[in-house]
Amino acid sequence: GPGALREAIAALLAEWWEPMLAEPARLHQPDYQAYAILSMCRALHTLKHGTIASKPAAARWAQATFPAFTPAIAQALIWRAGAPLEQFAATEALIQRAVREAQKSRGPA
């Protein structure tokens, strides 16, 4: 159900993505930036709606919901292997946003 999906996403963000903020070496790689940006769109969508959306659908929703990230999301959607992608700051900011939203959805410990 929706609650279980939210909890699973919150756990994934806490266990995998939040630690990456302290050691962001992977986030400097274009392929990982694209993956992370689209994954955060999907995570944020699931946290909000309690459903799983495709990455393109979640990206469109995130562009409408978080307009500051629209350029980075648009670039991630069209990124292809071997192409540059210089969205490190946006990638980090999206991960931070998703982690904060997950923490809010879990409530006080």
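The values are calculated or read from the model by the stated rules, or taken from the named source; none is laboratory data. Remember, it's a predicted structure, so these values are computed and weren't measured experimentally. Note that we place each Cβ from the backbone using ideal geometry, even for glycine, and neighbour counts take in every protein chain shown. Remember, those area values only see protein heavy atoms, side chains included, never the ligands or the DNA or RNA. Shrake-Rupley method; radii C 1.70, N 1.55, O 1.52, S 1.80 Å.
Data for the structure
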item: Residue among Ala72, Ala62 that is over 18 Å from Arg6 (Cβ atoms), modelled with pLDDT of 95 or more and open to solvent by less than 20 Å² (accessible area, probe 1.4 Å); result: Ala72
item: Output for region 27-56, where each listed residue is farther than 16 Å from Ile9 by Cβ and over 13 Å from the mean Cα position of the chain (by Cα); result: His28, Gln29, Pro30, Asp31
item: Matching residues, region 75-109, being assigned to a helix (DSSP H, G or I), aliphatic (A, V, I, L, M), open to solvent by 40 Å² or more (accessible area, probe 1.4 Å) and out of contact with any helix residue (DSSP H, G or I) (no Cβ under 7 Å at 6 or more places or on another chain); result: Ile78, Ala89
item: Enumeration of residues in region 43-59 that are surrounded by 22 or more Cβ atoms within 10 Å (Cβ to Cβ) and farther than 13 Å from Ser105 by Cβ; result: Ala58, Ala59
